[in-house]
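Worksheet: the structure to be examined is printed underneath.
Each reported figure results from applying straightforward, stated rules to the coordinates on display, with no laboratory input. Small disclaimer: the values here were computed from a predicted structure and weren't measured. Positions of Cβ are generated from backbone atoms using ideal geometry, with glycine treated the same way; all protein chains shown enter the neighbour counts.
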Amino acid sequence: MCACIAFFTHQIIDQIIKSHFLIHIFLSTFSNKREDEYGADTLDNRIRFGIKVLEAVQRVIEAEAPEGFILGYRCTPEETRGSEVGYTVEEFLYFIDRAMEAADIHYLATASWGKNIYKQTIRQGAHKGELMNRVVYDHIAGRTAVMATGGINSPDKALEAIEYADMVGASTPFVTEPEFVTKIADGREDDIDLEFTEDRIKDLAIPKQAFKDMIELMDIGASLSEKTRSELNKLRK
């Protein structure tokens, strides 16, 4: 990756900070303003960076990784801003097909911004209005495992999400409930505690500094209650 950093513009760096998904910055016509072989002129140009990265990762895995090493790919299947399209789900699926040829991807995790992303529907293109995870899951057709993520903070939501996935992913619930999965497995769903007060910091072993950049993302996803997020915001300030 370091060799690639040299040709980033300040605009690209800004987009990296905002979007976090570096490979998708090249796929997106919103952020990719290049005019070379990695530019927005064609879809194959836009996916070129991602394919090269995955090819390089695969080479390192084959040379250095221990047996059983798992490679996952976290992705946003569609990028739109209102009626404008950065890339369509069809373009994303074309990229994923090439990506799976470039590297042995053991699981694909879908992600995006907003509330209850596992229920997000496609906003543009031939699949408009269809459930995002179902379209991706049907296209992958068992070639690798698919993980649904985004707003999954209860057993009921996990069961709903896994209808079009092989696994579910969660993160925010573990901030206040480290035993989230254990309690579900033990049939103790009613004991799950997603609330938070500052006097729980010691028991949860949460460094206050950890909340400096996390709270804004928690507010976007709203996987924790407004009251809990308000308590966490106090730590941020």
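When each of the peptides 30-37, 49-56 is scored by how many other beta carbons lie within 10 Å of its residues on average, the order from highest to lowest is 49-56, 30-37.
Projecting label points 7 angstrom from Cα along Cα→Cβ for Thr121 and Leu71 puts them 3.6 nm apart.
On a C-alpha basis, how far is the centre of region 64-85 from the centre of region 103-130 in Å? Whole number, if you could? Measuring centre to centre over Cα atoms gives 10 Å. Classify region 2-170: rounded, prolate or oblate, from the alpha-carbon gyration tensor (a ≥ b ≥ c, eigenvalue square roots; a/c under 1.5 rounded; otherwise prolate if a/b is larger than b/c)? Cα axes put region 2-170 in the oblate bin. Charged side chains reduced to their Cβ positions (Lys and Arg at +1, Asp and Glu at -1) give region 2-170 a dipole of some 540 debye around its Cα centre. A simple spin-label model places pseudo-atoms 7 Å from Cα toward Cβ; at Glu179 and His106 they are separated by 2.9 nm. Contact order for region 2-170, expressed relative to its length and based on alpha carbon pairs under 8 Å spaced 6+ residues apart, stands at 16 percent. Of the residues Ile96, Ile140, Ile152, the one with the fewest other Cβ atoms within 10 Å heads the list, and the complete ranking is Ile140, Ile96, Ile152.
Grab the beta carbon distance between Glu84 and Glu198, set R0 = 45 Å, and tell me the FRET efficiency rounded to 0.05. That gives a FRET efficiency of 0.60. Taking 20 Å as the cut-off, the amide N atoms of region 142-172 that come nearer than this to a point 7 Å along the Cα-to-beta-carbon line of Ile61 belong to 142-149, 166-169. Of the DSSP beta bridges with both residues in region 2-170, give the percent that are antiparallel, rounding to the nearest 5. Of all bridge pairs located within region 2-170, approximately 30 percent are antiparallel. Note on Leu108, Leu204, Leu27, Leu194: ascending count of other Cβ atoms within 10 Å places them as Leu204, Leu194, Leu108, Leu27, the fewest first. Taking the dipole about the Cα centre of region 2-170, with the C-beta of Lys and Arg at +1 and of Asp and Glu at -1, give me whichever of Val135, Ala102, Pro155 is farthest to the positive side. Result: Pro155, furthest along the dipole toward the positive end. Taking Cα centre as origin and charging only the Cβ of basic (Lys, Arg, +1) and acidic (Asp, Glu, -1) residues, the dipole magnitude of region 114-171 rounds to 260 debye.
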